[in-house]
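The values are calculated or read from the model by the stated rules, or taken from the named source; none is laboratory data. What you see is a predicted model, and the numbers here were worked out from it, not measured in a lab. Here the Cβ is made from the backbone with ideal geometry for all residues, glycine too, and neighbour counts use every protein chain on show. These area figures cover heavy atoms from the full protein model, side chains too; ligands, DNA and RNA do not enter into them. Shrake-Rupley method; radii C 1.70, N 1.55, O 1.52, S 1.80 Å.
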Amino acid sequence: MRQSKLFTKTQKEVPGDEQALNAQLLIRAGYIHKEMAGVYQLLPLGFRVVEKIKQIVREEINSIGGQEMIATSLQRKDLWERTSRWDDEVVDVWFKSELKAGGEVGFGWSHEEPLADMMINHISSYKDLPTMIYQFQNKLRNELRAKSGVMRGREFVMKDSYSFAATEEQHNEMYEASKQAYTRVFERLGLGDDTYVTFAAGGAFTEFSHEFQTICEAGEDITYINKEKGIAINEEILEKTDLAELGITKDQLEKVKTAEVGNIFNFGREKAKEVGLFFKDENGDKIPVWMGSYGIGVTRAMGVVVEKFADDKGLVWPENIAPYKVHLVGLNLEDKEIADWAEGVYNALVERGVEVLFDDRDTRPGEKFADSDLLGLPYRVVASKRGREEGKFEVVTRATGEVRSLTEEELFADFA
Ligand code: ATP
Ligand code: MG
């Protein structure tokens, strides 16, 4: 991608009402556009980050047998009434609207009910189980407070999966597989060291559900962790549960601020029973399907990565989810010979499969470097007149500030 063609511009100012560091940086760097509080457009650079996160999640959920689909955003009132969750007193984040033709619809804030109902058409026998479906979708939630930037949106991208099992054993297997897949996802996103599988309340037939909580100052949750034992407990559990059950005492736990990047939930047979999703077991008895649901906050995870890795100069992306791997910064491009040569380096990198953003703009070097720091791509490669004369490229690793001087041969060997 040539930066001269990128329609987004970096900016010094952010909307006055934007308090969250993650959104401030993403707006300044041109990754997102603030439409209104808690609602952000994903611009080309932000879109690429989100797509990379989605692809990591997709690979891991596919690897445990998840089948991808897309559900609708508009949802039926009668269906949510069946499970007593249409009521605003019960679910406090509903957006609802009225059809001109008469009747009400809800805007999808979650999809257990519609997908359980849909599966009535596809599950009839124990032979149809177990199975797992998932999707990436913009969820719409009328959140009371939207002050955490992309970490709490009124519209945000979620990956949600739903598992359908005949037996508790089948369910447990998918639940455990999801837990493992989530652990791999957060490792690949660069959040592995600080993300804890946390005991949380909820779960119809089990005592606990599990949240994936990442240590983050900008997070809205409080979690109690023991790093050595790898145990984490949320506030509600701390108050309600006999900690001895979890093999820990309160003084062994450290209180930290965290962001919930994902959670996994066991419904037992309760949800399917309410919705009317039954199957026939080996004896021909009709029993409700055992369901689980599993969420990952895709755009929240992006925000958490920003909050954790950014420095005073701007964004810092882990390589796996950076929009481009290399920021090729061309200097002295007013000299036609240098411009042609830098163009050649750009093309050669692209041909070798490297994702490159080429700053070919007619801009002062100081501005190019400041923008490069702000955009936060993992490696900055400078192609300048002096470098060309010396046969060297200056390569700076954004995360560490490490500076290397590479020959063209070394550069291609390193990045391709
Ligand atoms: P929270 O307690 O933060 O409101 P939740 O319990 O409502 O989260 P779920 O309904 O289980 O969350 O959604 C699954 C995942 O989606 C969460 O773990 C979180 O990562 C993400 N998520 C939830 N609400 C938002 C939001 N408003 N903006 C961005 N991501 C969100
Ligand atoms: Mg919520």
Sort through Arg269, Arg300 and tell me the only one that's touching a Pro at 6+ places or on another chain (Cβ under 6 Å) and either surrounded by fewer than 21 Cβ atoms within 10 Å (Cβ to Cβ) or not acidic (Asp, Glu) (or both). Arg269
Looking at the stretch 184-228, which of the residues that are under 24 Å from Glu319 (Cβ atoms) and without any contact (Cβ under 8 Å) to a residue 24 or more places away in the chain is least open to solvent (accessible area, probe 1.4 Å)? Gly192
Go through the stretch 71-99 residue by residue and tally those that are among the basic types (Lys, Arg) and either within 16 Å of ligand 1 (Cβ to nearest atom) or open to solvent by less than 70 Å² (accessible area, probe 1.4 Å) (or both). 3
Selection within the stretch 144-197 - of a type outside the set (Gly, Ala, Ser), closer than 24 Å to Gly219 by Cβ and part of a loop (DSSP other than H, G, I, E, B): Leu144, Arg145, Lys147, Arg152, Arg154, Leu189, Leu191
Can you confirm whether the stretch 62-70 contains a residue that is open to solvent by less than 60 Å² (accessible area, probe 1.4 Å) and outside any loop (DSSP other than H, G, I, E, B)? no
Based on this model, can you work out whether Phe47 counts as part of a loop (DSSP other than H, G, I, E, B) and either aromatic (Phe, Trp, Tyr) or in the same structural domain as Leu357 (by TED's automatic domain parsing) (or both)? no
Do any residues in the stretch 9-36 that are within 16 Å of Lys313 (Cβ to Cβ) and open to solvent by less than 90 Å² (accessible area, probe 1.4 Å) have Cβ atoms under 7 Å from those of residues that are among the hydroxyl-bearing types (Ser, Thr, Tyr) and assigned to a loop (DSSP other than H, G, I, E, B), where the two are at least six apart or on different chains, and which pairs are they? Arg28/Thr10; Ala29/Thr10; Gly30/Thr8; Gly30/Thr10
Restricting attention to the stretch 374-414, which residues are of a type in the set (Gly, Ala, Ser), part of a loop (DSSP other than H, G, I, E, B) and farther than 19 Å from Asp360 by Cα? Gly391, Ala399, Gly401
Members of the stretch 59-100 that are acidic (Asp, Glu) and in contact (Cβ under 8 Å) with a residue 40 or more places away in the chain: Glu60, Glu68, Asp92
What residue, among those in the stretch 153-171 that are open to solvent by 50 Å² or more (accessible area, probe 1.4 Å) and within 11 Å of ligand 1 (Cβ to nearest atom), is nearest to the chain's Cα centre (by Cα)? Glu155
Evaluate the stretch 268-288: report whether one residue or more is within 16 Å of ligand 1 (Cβ to nearest atom), closer than 30 Å to Ser125 by Cβ and either more than 17 Å from the chain's Cα centre (by Cα) or in the same structural domain as Met151 (by TED's automatic domain parsing) (or both). yes
In the stretch 147-165, is there at least one residue being within 15 Å of ligand 2 (Cβ to nearest atom), charged (D, E, K, R), assigned by TED's automatic domain parsing to the domain that holds Val304 and under 18 Å from Glu211 (Cβ atoms)? yes
Does at least one position in the stretch 100-113 carry a residue that is more than 16 Å from ligand 1 (Cβ to nearest atom), among the aliphatic types (A, V, I, L, M) and open to solvent by less than 40 Å² (accessible area, probe 1.4 Å)? yes
Leu333 vs. criteria farther than 21 Å from Leu43 by Cβ, away from ligand 1 (no atom under 16 Å from the Cβ) and open to solvent by 20 Å² or more (accessible area, probe 1.4 Å): yes
I'm checking my understanding of the structure. Among residues of the stretch 102-127 that are closer than 25 Å to Val57 by Cβ and among the charged types (D, E, K, R), which one is nearest to ligand 2 (Cβ to nearest atom)? Glu112
So is Lys147 crowded, with 19+ Cβ neighbours inside 10 Å and within 15 Å of ligand 1 (Cβ to nearest atom) or not? no
